[in-house]
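Shown next, in structure tokens, is the structure this report addresses.
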């Protein structure tokens with residue numbers, strides 16, 4: 001649980017707390033659990049409801065795809081005790097709904113059932129909470145970064161922006177990077193990678209960026225010399241990330 005909590009707070013909490021000043025006067029929202037059915041399987045996911053959910057305003061939706069060590073059941077982040085309070089504090093910095101799917105053990109975000117699970121969770125969250133369908137943002141770290149490119153390439157025009165931290169191409173056949181470009185197109189994307197990453201080679205992000213730029217894509221890229229897989233520790237000090245993300249909107 002400690003590693004799970006640390007990754008979440010570093011990737012999401014740190015990024016959000018370094019953004020523009022919160023507009024909610026320091027109020028905290030809540031992290032709640034929901035279920036979704038995919039054929040005969042039931043999956044639990046978590047959703048952060050900001051204080052602004054009580055208004056009539058359509059809020060943006062941020063989807064966070066976790067890394068390989070958070071696969072399982074029971075939720076990605078703690079909801080009670082000191083850990084739960086810390087999560088609510090960090091998430092309270094952003095005026096958006098945050099959807100946190102959880103990949104089951106032994107699976108990947110590119111598995112058919114996991115793809116269906118995430119997309120149904122998005123649909124269910126939009127329907128239940130009235131999220132702004134023109135401002136749905138897909139983010140992920142490590143295995144979740146691979147998931148960003150898989151889902152974005154498979155569901156063209158669904159997401160207003162993409163954020164990938166130490167991710168890579170999920171495709172193993174053919175041109176692994178052109179497959180991404182065909183689906184992502186001009187969707188704004190921001191990638192982060194450590195140059196000395198030994199778990200996911202930095203060449204993965206470099207080649208995605210190169211392929212997107214060759215297609216006149218809208219792409220930003222931060223690479224950090226001397227940094228390994230925990231590039232989120234560097235990305236969290238990027239104060240322009242959240243304002244950039246929330247400024248993106250489908251036409």
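The values are calculated or read from the model by the stated rules, or taken from the named source; none is laboratory data. Computed from a prediction, not measured in an experiment: that's the story for all the values here. As a convention, Cβ positions derive from the backbone with ideal geometry for all residues, glycine included, and neighbour counts pool all protein chains shown.
General remarks:
- Hits in region 129-154 - residues which are without any contact (Cβ under 8 Å) to a residue 40 or more places away in the chain and either in a strand (DSSP E or B) or surrounded by fewer than 17 Cβ atoms within 10 Å (Cβ to Cβ) (or both): 154
- The residue list 13, 84, 72, 26 contains one member that is modelled with pLDDT under 80 and not in a helix (DSSP H, G or I), which is 26.
- Listing of helices (runs of 4 or more DSSP H) fully contained in region 158-251 that carry 3 or more residues being surrounded by fewer than 16 Cβ atoms within 10 Å (Cβ to Cβ) and either over 17 Å from the mean Cα position of the chain (by Cα) or at pLDDT 95 or above (or both): 202-214
- A search for C-beta distances below 7 Å between a residue of region 89-102 that is modelled with pLDDT under 65 and any residue that is assigned to a strand (DSSP E or B) and crowded, with 24+ Cβ neighbours inside 10 Å, counting only pairs 6+ apart in sequence or on different chains, returns 91/48; 91/98.
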